[in-house]
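As structure tokens, the structure follows; a few thoughts come after it.
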Amino acid sequence: MSSTEGMVGVSVVAVRPDRGAVGSTATGWFALSEVRWAAGALVLFLGGLAGWLSGAPAWLWWTFYLGCYAAGGWRPGLDGVRALRGRSLDVDLLMVLAAVGAAAIGQVTDGALLIVIFATSGALEALATARTEASVRGLLELAPETAVRLGPDGEEERVAAADLGVGDVMLVRPGARLGADGTVLAGASEVDQASVTGESVPAEKAPGDRVFAGTLNGTGALRVRVDRAAGESVLARIGALVGEAIRTKAATQLFIEKVERRYSIGMVAATLALFAVPLLFGAALRELLLRAMTFMIVASPCAVVLATMPPLLAAIANAGRNGVLVKSAVVMERLGATDRVAFDKTGTLTTGTPELVTVRPLPGSGLTERELLALAASVERPSEHPLARAVVRAARHAGVRLADAEGFVARPGVGVVARVDGRLVGAGAPAEPPSARVEVDVPANRPTVGLSMEGQVRDVRERGQTVVVVRRDGRPVGVLGLADQPRAGAASAVAALTRLTGAQPALLTGDHAGVAARLAERLGIADVRSGLLPEDKVAAVRELQAGGRRVTVVGDGVNDAPALAVADVGVAMGGAGADLTLSAADAVVVRDELASIPAVIALSRRARRVVIANLVVAATFIAGLVCWDLLGTLPLPLGVAGHEGSTVLVGLNGLRLLRQSAWHRAGREA
């Protein structure tokens, strides 16, 4: 059987060189049709065999056998003729001709059995193709066809989900699926995101949280602002990326196909020689014809061609279900060759959202830490600045009561001022210029009690934190320190990648050295390169690639796009990733889970091992059957069974990577 080059997709094509292009919506029908024709061929074969064994009239069992030939051989025969018109040699046609040749020399039962086994193999292959495609297309079918859009006055309008535009507000009732990616504006609920992110437990959603199309709302009603049109949702991007993956062949596959074209010509020439040369020396025609036909069948490279793409495409589909979109089979193959990883810092190894980590009242202020936090959060509450939101969030988490801020004024680059409980309160940057900053190593247990404001500011900065000074009636009363925190699981992901690649990941960041060094120390990264501009990151990646290393770069910002483009594999964090970065990347981590990166690398390596195992199995079957036919007497039906069986075996072996257990196993290996 010819190879199945494309096996999964959404609005994509499952490509079979021997049978044309099968649209994704037609693949299931195609598989069902193949099964029906194979079943019909089997029934007719059994009827002919029963008639032959029972001594029925020859015309009766011949009729059954001819029906079997027609049912199982018409499609590959027709496609083979079309291939000949295009000056292409089709192995399927050779198989049909071998069956007809067997019938011509009186081996009609053997020929019919060949057709049955051949048709059954094709049906199994088509079912495997449909199964792989359905594993991804099922995600798209989760997206609802309609959604409830709210008008300016709150009126409800049911519209097609495809008609939702960016900025529209949709109402998502309990138990309904979301029609588009967006941000929650009002309401609270739990949303089952397993279909997109793989989370086993529904995620709590409140105003400000992101939600995805196709996910299932829980018990609460949500008002969601649409952030992406239907064609740009995560689910749609899965379809587009998998479609691109199918149309792009891995280097191993391209090499095999190049060899296959020459091999097929050589195989036909060897078959003709195996028949003609002994015939010139007086060998029996019937025996030679059977041996030549058997050789042509068992020497066919079908299993070798099918050994490569199914494992890689199954791995792509599995990774997509678990929140990693790999854009092509080439990328999936390259991921497994990674021997060095480089990370961006902000938004990649860290959350990209500042958090309050230090609260220090100044000597003489008369304030406790809790009172200082309440004062700062009260004046910051009306502000939309990320640092202000972090202070307010920390106060609410601590259960601190906030007072009203009157006469609020925000001064960009300086800070905010308002009256709180009748006193003028301000919060903002320290007065001294940035040149006063000193970056030195500071012991974590260094005493800070009793330090002046300047000393506190210097100490907090030296710890890699952003400083906010709180003033009351013009007098400093406290210092706050805010820092971007590492993502959950960042340290374990770094450790897993170190085990997988045999080298510690590198940290490439535009941040200053003190902040980068402290994060690297927490995560176990020794190679730190800070203060980098985009072009500096490109140079750093090329330096890492020196000596033949295969480098995977992980980033999320626009400034990471050039580095992702020059890396062997570029991986973008999809949650907050810029459009340019997502476009430049070869793979996208949809749910921003760093643990997915070592897992997908381990899955890629497993896919490569499966490819190698398939090639070994296919080559062993071909070599064994060819030697048997040349050195002994290999029955035609047994040769067909061995050849087709090996083809189905390598196909099904590759499809094992579709199972969820394959992803879990890859995670454990990482």
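The values are calculated or read from the model by the stated rules, or taken from the named source; none is laboratory data. Everything numeric here is computed off the predicted structure, so don't read it as measured data. Counting neighbours? That spans all protein chains shown, and the Cβs are built from the backbone with ideal geometry, glycine included.
Of note:
- Ala513 falls short on exactly one of the conditions (1) within 24 Å of Pro354 (Cα to Cα); (2) touching a Leu at 6+ places or on another chain (Cβ under 6 Å), and that condition is (2).
- The residue that is modelled with the lowest pLDDT, counting only those in the range 147-176 that are under 27 Å from the mean Cα position of the chain (by Cα) and surrounded by fewer than 19 Cβ atoms within 10 Å (Cβ to Cβ), is Ala162.
- Restricting the range 194-234 to residues that are under 15 Å from Gly574 (Cβ atoms) and of a type in the set (D, E, K, R), the residue that is modelled with the highest pLDDT: Asp227
- Criterion: more than 30 Å from Arg411 (Cβ to Cβ) and at pLDDT below 85 - qualifying residue of Leu508, Leu500, Leu532: Leu532
- Residue that is farthest from the chain's Cα centre (by Cα), among those in the range 65-107 that are crowded, with 21+ Cβ neighbours inside 10 Å and at pLDDT 80 or above: Tyr65
- Within the range 52-77, residues that are over 25 Å from Ser33 (Cα atoms) and touching a residue at least 24 places away in the same chain (Cβ under 8 Å) have Cβ atoms under 8 Å from residues that are of a type in the set (Ser, Thr, Tyr) and in a helix (DSSP H, G or I) in these pairs: Trp52/Thr109, counting only partners at least 6 apart in sequence or on another chain.
- A single member of Val357, Val392 is among the hydrophobic types (A, V, I, L, M, F, W, C), farther than 30 Å from Ala666 by Cα, at pLDDT below 95 and surrounded by fewer than 19 Cβ atoms within 10 Å (Cβ to Cβ), and it is Val357.
- Counting only helices (runs of 4 or more DSSP H) that fall entirely inside the range 561-670 and contain at least 2 residues that are among the basic types (Lys, Arg) and either more than 14 Å from the chain's Cα centre (by Cα) or within 30 Å of Val305 (Cβ to Cβ) (or both), the qualifying elements are 596-631, 660-669.
- Test result for Gly548, on the phi > 0 side of the Ramachandran plot, in contact with a helix residue (DSSP H, G or I) (Cβ under 7 Å, 6 or more places away or on another chain) and surrounded by fewer than 22 Cβ atoms within 10 Å (Cβ to Cβ): no
- Test for Gly323: is it touching a strand residue (DSSP E or B) at 6+ places or on another chain (Cβ under 7 Å) and farther than 24 Å from Ile612 by Cα: yes
- Of the residues making up the range 395-421, those that are touching an Asp or Glu at 6+ places or on another chain (Cβ under 9 Å) and assigned to a loop (DSSP other than H, G, I, E, B) are Val400, Ala403, Asp404, Asp421.
- Among the residues of the range 206-222, the one identified as under 10 Å from Ala186 (Cα atoms) and buried (at least 18 other Cβ atoms within 10 Å of the Cβ) is Leu222.
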